[in-house]
Amino acid sequence: MVVWDILTNIDDEIELYFERELGIPTVAYMFCRISSVFYALVQTLYVVLDISNCARLEIILALGVAASTNSISFLFLLRVRAIFHESREAQIFFATFWLISAACSALFFKFSDGEHSITNPQKCTFGKIHPIFSSVASGLFLVFDTMVYLAISFRLFRIFQFERNLENIVLGTGLHNKASSFFTGRCLPAFSRSFLRDGQLFYTMSFFLTVQIIVLDIPPIPSQYNLIPDPLYHVLLNILACYVFRNVKLGKIREQSLSISSIHFRSQI
C-alpha cells in the first residue's frame with residue numbers, strides 16, 4: 001500500500017525531492033517513507049523466508065516498527081513547531097514530549113519473542129507475545145497526537161480571532177455555533193481550514209487504530225489477534241501523515257483563496 005501511494009503521487013514526490021529545497025522536513029518525510037517500506041518488507045520476509053536466526057530478525061522488525069512510528073510522529077512535531085514558531089516554550093515542550101515518546105518506542109523490542117514455527121521449523125513465527133508493551137508505546141504516541149491536534153486547533157482559532165468574532169455577529173454566540181465553528185473551521189481562511197481538516201483526518205484515524213490495538217491487547221482476547229492490526233496501523237498512518245505533509249509543503253489547498261499567513265507557515269515547514 002505504501003508503494004502504491006508513492007506511485008500514485010509520484011509527481012508530488014518528484015517535486016518534493018528535486019524541485020523544492022531539501023531541508024530537514026523533506027529529509028524527515030523521505031525517512032518516513034523509507035522506514036514504512038522497510039518495516040513492511042521485513043515483516044513479509046519474517047513469515048515467508050526460511051530463516052536460521054529468528055531472534056535476530058525479530059530485533060530488526062522491532063527496529064522497523066520504532067523507526068516507522070517515530071518518523072510519523074516527527075512529521076507532526078514539525079507541524080506543531082511551525083504553528084508555534086514564535087513560542088520557544090511551546091516548541092521545547094512538544095520536542096521534549098516527542099523525545100519521551102521516542103524513548104518509549106524501545107518497548108516495541110519487548111513485544112514478542114522470535115522463534116521457529118512448530119509446524120515448519122525452517123520458518124519464523126512470533127513466540128510469546130507481551131501486548132502490554134505495545135499498548136503502552138502506542139498509547140503514548142496517541143497522547144502526543146492528541147496534544148498536537150488540540151494545540152494546533154486552539155492556536156489557529158486564536159490567530160484568527162477576528163474572523164471568528166465576525167462569524168459570531170452573523171451566526172450568533174451560542175454553544176452549538178461555537179462548537180460547530182471549532183470542529184469545521186468555517187471561520188478560518190481557506191488554507192488554515194484545509195490545514196485543520198487534514199489534521200482532523202489524521203487524528204481520527206490515529207485514534208481509532210490505536211484504540212483497536214489497545215482493545216485487542218485485553219487479556220481475554222487470544223494474543224495471536226494482537227498482530228492483526230499492526231501492519232494496517234503503520235501503513236495507514238504513514239499514508240495519511242505523508243498526505244498531510246505534502247498538502248502543506250506543496251501548498252495544495254482545497255479552495256482558491258490564500259492568505260499571507262499560509263505563505264509564511266509553509267516557509268516554516
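The values are calculated or read from the model by the stated rules, or taken from the named source; none is laboratory data. The structure presented is a predicted model; accordingly, all values stated were derived computationally and were not measured. Reconstructed Cβ throughout: ideal geometry from the backbone, glycine too, with neighbour counts over all protein chains shown.
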Within the range 39-59, the residues that are in a helix (DSSP H, G or I), loosely packed, with under 13 Cβ neighbours inside 10 Å, in contact with a strand residue (DSSP E or B) (Cβ under 9 Å, 6 or more places away or on another chain) and not aliphatic (A, V, I, L, M) are Arg56
Of all residues being surrounded by 18 or more Cβ atoms within 10 Å (Cβ to Cβ) and among the aliphatic types (A, V, I, L, M) in the range 139-150, which is farthest from Asp217 (Cα to Cα)? Just the residue, please.
Val148
So which pairs qualify, if the first residue must be in the range 97-115 and on the phi > 0 side of the Ramachandran plot and in contact (Cβ under 8 Å) with a residue 60 or more places away in the chain, the second must be in a helix (DSSP H, G or I) and buried (at least 19 other Cβ atoms within 10 Å of the Cβ), the Cβ gap must be under 7 Å, and the two must be at least 6 apart or on different chains?
none
Taking the condition surrounded by fewer than 19 Cβ atoms within 10 Å (Cβ to Cβ), out of contact with any strand residue (DSSP E or B) (no Cβ under 9 Å at 6 or more places or on another chain) and assigned to a helix (DSSP H, G or I), does Leu7 pass?
yes
Residue pairs meeting the criteria (Cβ under 7 Å; at least 6 apart or on separate chains; first farther than 20 Å from Ser206 by Cβ and outside any loop (DSSP other than H, G, I, E, B), in the range 120-138; second modelled with pLDDT of 75 or more and of a type in the set (D, E, K, R))
Lys123/Asp50
Could you check Tyr39 against (1) over 21 Å from Leu77 (Cβ atoms); (2) touching a His at 6+ places or on another chain (Cβ under 8 Å) and say which number it fails?
(1)
Considering only residues of the range 75-92 that are part of a loop (DSSP other than H, G, I, E, B) and of a type outside the set (Gly, Ala, Ser), which is farthest from Tyr203 (Cα to Cα)?
Glu86
Please specify each residue of the range 231-253 satisfying the condition of being of a type outside the set (A, V, I, L, M, F, W, C) and not in a helix (DSSP H, G or I).
Gly251, Lys252
Given the criteria touching a His at 6+ places or on another chain (Cβ under 9 Å) and part of a helix (DSSP H, G or I), does Val65 qualify?
yes
